[in-house]
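Visitor: Following this message is one structure expressed as structure tokens.
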Amino acid sequence: MKKLIIASLAATGLVAGSFAAGAAANAGTGTVVRVVDGDTLVVSINNGDHTIRLLNIDTPETKDPNQPVECLGPEASKYLEGLLPKEAQVRLEFDAERHDKYGRTLAGVFTADGFLVNAKIAQQGLGIPVEYGGNRKFLPPVQAAYEEARAAKSGLFSEGVGCTLPAQLAETTKGLATATAAAPATTSAAAGAAAGVLATKVAAAKALRKLLNADKATERALLWAGLNCRVGQARIKSG
């Protein structure tokens with residue numbers, strides 16, 4: 001009986017050790033070297049530099065030489081730099097797939113005080129929830145943070161940032177109201193021109209409303225790819 005108990009305890013210890021080893025293998029720590037853009041950074045792990053792609057969050061493009069800088073791209077990068085300055089200590093957690101096709105390490109990144117960086121970006125309205133293959137571990141908190149930004153009209157939901165869809169809709173609606181309230185034309189030619197302007201503004205307003213009400217399958221492409229802006233356009237305060 002005594003031998004059976006000892007064997008049982010040994011087996012339990014082995015299983016516990018396996019779980020601990022598995023947990024350790026699925027997490028790590030490192031030091032921030034630099035921020036690449038809003039959803040990518042370089043972290044030093046065991047004296048080696050690794051490019052980390054934040055899981056389940058997608059921020060607007062700033063680095064692609066074949067694309068213009070997208071709406072809120074610089075703001076997303078600046079926000080991440082403020083959240084994770086050089087030499088900041090971070091904890092990394094991994095999911096089912098450890099690397100993407102570019103060789104980047106896919107991870108959830110936590111600040112020293114335990115905040116999930118992936119979700120913090122979404123909370124500012126500077127990122128969109130996305131899936132990467134079978135990696136869904138951080139999707140729920142990122143989605144929740146994204147909805148917080150929507151409710152608060154932050155970032156991409158703000159009417160105060162010229163390149164966002166809400167801002168474009170507000171501007172178009174304002175132009176539509178102005179065109180509708182304009183004094184009646186006194187000639188048939190003027191009336192035709194006014195009708196043309198009004199029709200254009202109505203069409204623009206309808207198109208923007210359709211984009212804002214887009215289903216989830218098209219939302220990601222519309223929000224970033226459809227809203228390009230160059231450096232020097234209206235900026236968001238990423239406090």
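The values are calculated or read from the model by the stated rules, or taken from the named source; none is laboratory data. What you see is a predicted model, and the numbers here were worked out from it, not measured in a lab. No Cβ is skipped: glycine too gets one built from the backbone with ideal geometry, and neighbour counts run over all protein chains shown. Note: accessible area is taken over every heavy atom of the protein model, side chains too, but ligands, DNA and RNA are not part of it. Shrake-Rupley method; radii C 1.70, N 1.55, O 1.52, S 1.80 Å.
Visitor: Here is a list: Ser44, Ser77. Which entry is modelled with pLDDT of 95 or more and within 22 Å of Cys163 (Cα to Cα)? Walk me through it before giving the result.
Guide: On the way: Ser44 fails: within 22 Å of Cys163 (Cα to Cα).
None of the other options fit; the residue is Ser77.
Visitor: Then there's this: Take region 39-60 and flag every residue that is part of a loop (DSSP other than H, G, I, E, B) and farther than 17 Å from Tyr132 by Cα.
Guide: Of all residues in region 39-60, those part of a loop (DSSP other than H, G, I, E, B) come to 39, 46-47, 55-56, 59-60.
Result: Asn46, Asn47.
Visitor: Right, next: Any idea which of (1) at pLDDT 95 or above; (2) in a loop (DSSP other than H, G, I, E, B) is the one Tyr102 doesn't satisfy?
Guide: Exception for Tyr102: condition (1).
Let's see how each residue does on (1) open to solvent by 20 Å² or more (accessible area, probe 1.4 Å); (2) under 16 Å from Leu54 (Cβ atoms):
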{"residue": "Phe94", "(1), (2)": "no, yes"}
{"residue": "Val109", "(1), (2)": "no, yes"}
{"residue": "Asp113", "(1), (2)": "yes, no"}
{"residue": "Lys120", "(1), (2)": "yes, yes"}
{"residue": "Gly127", "(1), (2)": "no, yes"}
{"residue": "Asn135", "(1), (2)": "no, yes"}
{"residue": "Val142", "(1), (2)": "no, yes"}
{"residue": "Cys163", "(1), (2)": "no, no"}
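Visitor: Right, Val130: within 28 Å of Leu165 (Cβ to Cβ) and in contact (Cβ under 8 Å) with a residue 60 or more places away in the chain or not?
Guide: Working: within 28 Å of Leu165 (Cβ to Cβ): yes; in contact (Cβ under 8 Å) with a residue 60 or more places away in the chain: yes.
So Val130 fits the description; yes.
Visitor: Out of curiosity, is Lys78 of a type in the set (D, E, K, R), farther than 24 Å from Ala144 by Cβ, open to solvent by 10 Å² or more (accessible area, probe 1.4 Å) and more than 12 Å from the chain's Cα centre (by Cα)?
Guide: On the way: of a type in the set (D, E, K, R): yes; farther than 24 Å from Ala144 by Cβ: no; open to solvent by 10 Å² or more (accessible area, probe 1.4 Å): yes; more than 12 Å from the chain's Cα centre (by Cα): yes.
Considered against the rule, which asks whether it is of a type in the set (D, E, K, R), farther than 24 Å from Ala144 by Cβ, open to solvent by 10 Å² or more (accessible area, probe 1.4 Å) and more than 12 Å from the chain's Cα centre (by Cα), Lys78 comes out as no.
Visitor: Also: In region 73-92, how many are touching a Lys or Arg at 6+ places or on another chain (Cβ under 7 Å) and outside any helix (DSSP H, G or I)?
Guide: Initially, region 73-92 is screened for residues touching a Lys or Arg at 6+ places or on another chain (Cβ under 7 Å), giving 75, 83, 86.
Now narrow it down to the ones that are outside any helix (DSSP H, G or I): 86.
So the answer is 1.
Visitor: Which residues, taken from region 124-146, are β-branched (Val, Ile, Thr) and either assigned to a loop (DSSP other than H, G, I, E, B) or on the phi > 0 side of the Ramachandran plot (or both)?
Guide: Going through region 124-146, the residues β-branched (Val, Ile, Thr) turn out to be 128, 130, 142.
Hit for region 124-146 is Val130, nothing else.
Visitor: Ile121 is checked against (1) in a loop (DSSP other than H, G, I, E, B); (2) closer than 13 Å to Gly155 by Cβ and fails just one. What number does that condition carry?
Guide: (1)
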